[in-house]
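A.B. asks: Have a look at this one.
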Amino acid sequence: MAAESATQALMGSDAGATPAGPAADKGFRRDSRPFNGGRVESDVDQPVTGRFERAEHRYPVRVHFEDTDLSGVAYHATYLRWMERARSDMLRLAGIDQRAAWEAGAGAYAVADLHIRYRAPARLDDPLLVVSRLAAVGPARVVIHQRVSRGAVLLADAEVTAALVAPSGRPRRQPAAWLAVFRALLEERSCIPS
């Protein structure tokens with residue numbers, strides 16, 4: 001009886017609800033609260049997003065257990081995931097809809113070249129910042145410089161070349177609207193301290 005009371009205290013008053021349907025067969029509890037249609041309840045519930053400071057995109061991340069090796073140090077490939085998230089967020093905030101482009105058959109970005117230098121380790125639970133800025137743009141490619149830091153300590157920096165490729169896998173020209181966005185970010189770059 002005490003165990004049931006503790007469970008109800010932790011999970012809510014309907015914790016003892018009887019499972020029904022296919023969920024019952026798998027041991028899952030059916031939630032009796034009404035479904036809200038997938039609406040997000042507040043701004044706090046939104047996914048993490050970065051922001052632009054002039055032409056620099058700033059994207060916060062935290063080192064989670066899954067990001068680390070046995071010693072609690074971030075695994076080298078984790079930096080690539082953080083940088084990919086930051087690049088995707090930067091493009092989204094700049095108005096470049098990669099998903100719509102793919103769904104329309106226009107293609108998608110693929111990393112064509114990557115140079116990274118690791119300078120210091122990130123550790124479990126460290127708050128980090130991924131800063132991305134446009135370095136160059138061509139008809140079918142964009143070069144983005146990225147750095148990962150913990151406060152004033154630079155942990156890694158990279159230069160990533162992403163090429164727009166058609167569904168066939170061949171390079172293709174970027175849409176004129178995207179090139180205009182990139183050129184505007186490049187013009188702003190001179191105002192940013194390195």
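The values are calculated or read from the model by the stated rules, or taken from the named source; none is laboratory data. This one's a predicted model, so the numbers in the text were calculated from it and none came from an experiment. FYI the Cβ positions are ideal-geometry reconstructions off the backbone, even for glycines, and counts take in every protein chain you see. Note: areas computed on protein heavy atoms with side chains; ligands, DNA, RNA excluded. Shrake-Rupley method; radii C 1.70, N 1.55, O 1.52, S 1.80 Å.
A.B. asks: Within region 46-67, which residues are open to solvent by less than 90 Å² (accessible area, probe 1.4 Å) and outside any loop (DSSP other than H, G, I, E, B)?
C.D. replies: Passing the criteria: 52, 53, 56, 57, 58, 59, 60, 61, 67.
A.B. asks: Between a first residue in region 78-99 that is in contact (Cβ under 8 Å) with a residue 24 or more places away in the chain and under 22 Å from residue 166 (Cβ atoms) and a second residue that is open to solvent by less than 60 Å² (accessible area, probe 1.4 Å) and of a type in the set (A, V, I, L, M), which pairs have beta carbons less than 8 Å apart while being 6 or more apart in sequence or on different chains?
C.D. replies: Hits for this filter: 87/144; 87/160; 87/162; 94/181; 94/185; 95/181; 96/181.
A.B. asks: Still on this structure, please answer the following. Which members of region 93-138 meet the condition of being small (Gly, Ala, Ser) and part of a helix (DSSP H, G or I)?
C.D. replies: 100, 101
A.B. asks: Moving to a separate point now. Could you list, in sequence order, all residues of region 69-98 that are out of contact with any helix residue (DSSP H, G or I) (no Cβ under 7 Å at 6 or more places or on another chain) and surrounded by 19 or more Cβ atoms within 10 Å (Cβ to Cβ)?
C.D. replies: Matches in region 69-98: 79, 82, 83, 86, 87, 89, 90.
A.B. asks: Among the residues of region 68-80, what is the count of those that are in contact with a strand residue (DSSP E or B) (Cβ under 9 Å, 6 or more places away or on another chain) and outside any loop (DSSP other than H, G, I, E, B)?
C.D. replies: 7
A.B. asks: In region 125-153, how many residues are surrounded by 15 or more Cβ atoms within 10 Å (Cβ to Cβ), of a type in the set (A, V, I, L, M, F, W, C) and within 17 Å of residue 60 (Cα to Cα)?
C.D. replies: Residues meeting the conditions: 5.
A.B. asks: Which of (1) open to solvent by less than 70 Å² (accessible area, probe 1.4 Å); (2) within 24 Å of residue 184 (Cα to Cα) is the odd one out, the single condition residue 102 does not satisfy?
C.D. replies: It fails just one condition, (1).
A.B. asks: Report whether or not residue 118 is aromatic (Phe, Trp, Tyr) and open to solvent by 60 Å² or more (accessible area, probe 1.4 Å).
C.D. replies: For residue 118, the condition - aromatic (Phe, Trp, Tyr) and open to solvent by 60 Å² or more (accessible area, probe 1.4 Å) - is met.
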